[in-house]
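Reading through the structure tokens given below for one structure.
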Amino acid sequence: MIRYAFPDGFFWGTAVSSHQVEGNNTNNDWWEFESQGKVKNKEISGNACDHWNKYEEDFQIIKEMKNNAFRFSIEWSRIEPSLGIFDGSSIEHYKKMLSSLRNREIEPFVTLHHFTNPIWVAREGGWLNEKTVDYFLKYVEKVVKEYKDLVRYWITINEPNAYAFASYLMGMFPPQEKSLLKMITVLNNMVKAHAKAYEIIHEIIPDAMVSIAYNVMIFDPINPSSFFDKKIQNFLDRLYNLIFLETILTGKFSAPFKKENIPYAKNTIDYLGINYYTRLHVGFDIKTFPFFVKLYVPENAEKSDFGWEIYPEGFYKVVKRFWEMVKKPIIITENGISDAKDEKRPKYLLSHLIELHRAIQEGVKVLGYLHWSLMDNFEWAEGFSQRFGLIEVDFKTQERRWRNSGKIYKNISENNGISDELIEKYLK
Ligand code: GBH
């Protein structure tokens with residue numbers, strides 16, 4: 001018996017990004033960063049999952065998993081290796097991938113920017129440079145014209161908020177800046193890039209479905225009765241969860257250091273892509289100069305290999321909250337867990353889907369769920385150490401092996417819901 005049935009036509013899929021799976025993306029800023037030994041254990045993405053060559057095999061796995069959707073990104077540095085020069089063979093390659101998905105009746109969700117920039121863009125100042133907006137739009141126009149008959153669901157930018165945060169505030173991702181002002185500048189440029197890309201995509205494909213993949217975090221105050229902890233919570237919530245999204249809903253950019261009316265940004269999403277992973281407990285800490293922000297995960301919390309708290313109720317809260325704000329269909333564009341032994345993933349998967357189901361029961365319109373990730377891959381600054389795959393990858397032999405969770409996910413996709421048996425087995 002199916003205990004939790006999902007709506008008819010629900011998209012069940014997985015997500016990946018170019019740099020994390022393809023291998024040999026030698027022409028972007030991450031490759032350069034890795035070459036400087038900046039990733040954990042000095043790892044480099046190298047061949048990654050060799051997905052560039054093995055995509056047929058990987059799409060066959062998706063088919064066997066009974067999925068009807070797949071999210072991946074197009075690598076800007078392959079399409080446009082230098083300013084204004086477009087590479088025909090890369091364009092053809094992605095066209096083949098898209099046709100191959102279509103032939104298998106798998107709906108592609110295509111991301112146009114997922115953290116990486118061509119080296120020539122980075123050299124010119126990356127997303128701090130206003131001109132990058134125009135550069136990005138030229139690339140978008142080219143790609144959308146090429147693939148207009150193959151793609152309906154577009155994601156302009158993956159996690160603009162997380163990207164600006166990690167690259168320009170926390171100094172974790174290239175170009176390793178630590179400046180709130182720079183973070184805001186990048187957010188502002190990315191909002192403009194998104195809004196104009198939205199328009200371009202719709203000019204070329206009138207019935208396209210366009211969004212971003214928005215990383216949303218739950219921030220809870222370390223001490224709920226502390227005034228300062230609540231101030232920090234509110235500051236982070238605005239900075240991370242709200243500024244970007246508000247702008248593409250209202251056309252008003254309102255951030256520390258910068259207020260601007262961007263009228264053309266208003267109403268520039270057709271659905272909202274949500275990436276949800278975890279919660280952070282946040283508070284005021286005089287010792288953490290200059291921001292006084294303490295980020296904390298309680299010792300007794302259940303955690304992933306990454307140390308991220310497992311907090312399924314947060315998924316429900318986030319989906320409800322953003323539905324109320326946006327009133328447009330939601331697609332979960334990422335949700336998953338780093339768990340090499342696959343001990344916690346079955347429960348993570350089921351408990352999160354049950355929370356999503358609860359939101360749907362209460363009237364939230366959710367069109368699909370894309371699990372991060374199809375297979376283990378290059379986890380950015382953590383290298384290959386964090387394993388998010390439903391499929392395990394042996395990076396020496398490039399062998400793919402089904403994890404138990406992969407089989408569970410197959411069962412869910414096949415049934416368009418969660419059966420009593422799965423609940424008996426993994427949630428009791
Ligand atoms: C997503 O990011 C990404 O879209 C995906 O590529 C990635 O593989 C997946 O999640 C799993 O991590 O500078 O303190 O913010 C999730 C959000 C943003 C969380 C960057 C980690 C780096 C540390 N991530 N952040 S920090």
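Taking the accessible area of region 152-216, probe 1.4 Å, and keeping the other protein chains in place, the carbon and sulfur fraction comes to 56%. Note on ARG123 and SER385: the model spin-label points, each 7 Å out from Cα along the C-beta direction, lie 3.3 nm apart. Calculated over region 168-307, the projected area of the Cα convex hull averaged across directions stands at 10.3 nm².
With a simple spin-label model that places each label point 7 Å from the Cα along the Cα-to-Cβ direction, the separation between MET170 and LYS407 comes to 3.5 nm. Between ALA340 and SER99, residue separation times 0.36 nm minus the direct Cα-Cα distance comes to 83.5 nm. Using C-alpha pairs below 8 Å separated by at least 6 residues, the relative contact order for the chain is 19 percent. If you roll a 1.4 angstrom probe over the protein chains with everything in place, what fraction of the accessible area of region 42-144 belongs to carbon and sulfur, to the nearest %? On region 42-144, the fraction of accessible area on carbon and sulfur atoms equals 47 percent. For region 272-295, backbone nitrogen atoms closer than 17 Å to the point 7 Å from ALA301 Cα along Cα-to-C-beta are found at 276-285, 293-295. Normalised by the number of residues in region 144-197, the average gap of Cα pairs under 8 Å and 6 or more apart makes the relative contact order 26 percent. Dimensions of the chain from C-alpha coordinates, computed as largest minus smallest value along each principal axis and given longest first, are 59, 55, 45 Å. Note on region 298-428: Rg/Rh from C-alpha atoms, Kirkwood Rh, equals 0.98. Here ASP87 and LYS328 are evaluated by their C-beta separation; at R0 = 51 Å the FRET efficiency comes out at 0.90. Annotation for PHE395 and PHE228: the two label points, set 7 Å from Cα along the Cα-Cβ direction, are 4.1 nm apart. Here is what passes the span test in the chain: the DSSP H helices with alpha carbon length of 27 Å or more along the helix axis and a Kyte-Doolittle mean of -1.0 or above are 180-204. Dipole size of region 269-358 about its Cα centre, with +1 on Lys/Arg Cβ and -1 on Asp/Glu Cβ: approximately 280 debye, rounded to the nearest 20. Apolar share of the accessible surface for region 251-407: 53 percent from carbon plus sulfur atoms, 1.4 Å probe.
Within the chain, the longest run free of exposed loop sites, counting GluC sites (Glu not before Pro) that sit outside DSSP helix and strand states (H, G, I, E, B) and have at most 15 other Cβ atoms within 10 Å, spans 131-298. Using the Cβ-Cβ distance between ASP8 and PHE257 with R0 = 35 Å, the FRET efficiency computed as 1/(1 + (r/R0)^6) comes to roughly 0.15. Accessible surface for region 1-140, divided over its residues, is 38 Å² per residue with a 1.4 Å probe. Every pair of different Cα atoms in region 130-235 enters the Kirkwood calculation, which places the hydrodynamic radius at 15.7 Å. Taking the centroid of alpha carbons for each part, region 228-249 and region 407-427 are 36 Å apart.
Dipole check for region 58-128: with +1 at the C-beta of Lys and Arg, -1 at the C-beta of Asp and Glu, and the Cα centre as origin, the magnitude is about 200 Debye. Considering helices alone, the calculated mean residue ellipticity of the chain at 222 nm is -12000 deg cm²/dmol, with DSSP H runs of length four and up weighted by -39500 (n - 2.57) and normalised per residue.
At an R0 of 56 angstrom, the distance between the Cβ atoms of PHE291 and GLN361 translates into a FRET efficiency of 0.90. Dipole of region 20-106 computed with +1 at Lys/Arg Cβ and -1 at Asp/Glu Cβ about the Cα centre; of SER73, SER45, ILE61, farthest Cα towards the positive end is ILE61.
Taking only alpha carbon atoms, region 256-364 gives an Rg to Rh ratio of 1.05, where Rh is the Kirkwood radius. The residues of region 269-385 expose on average 37 square angstrom of accessible surface per residue, using a 1.4 Å probe on protein heavy atoms.
Cross-linked pairs LYS42/LYS341; LYS63/LYS396; LYS230/LYS294; LYS231/LYS252; LYS344/LYS407; LYS63/LYS328: Cα-Cα separations exceed 18 Å for LYS42/LYS341; LYS63/LYS396; LYS231/LYS252; LYS63/LYS328.
The values are calculated or read from the model by the stated rules, or taken from the named source; none is laboratory data. Since the model is a prediction, treat every value here as computed from it, not as a measurement. Glycine also receives a Cβ, built like all others from the backbone with ideal geometry; neighbour counts cover every protein chain displayed. With ligands, DNA and RNA removed, areas are computed over all heavy atoms of the protein, side chains included. Shrake-Rupley method; radii C 1.70, N 1.55, O 1.52, S 1.80 Å.
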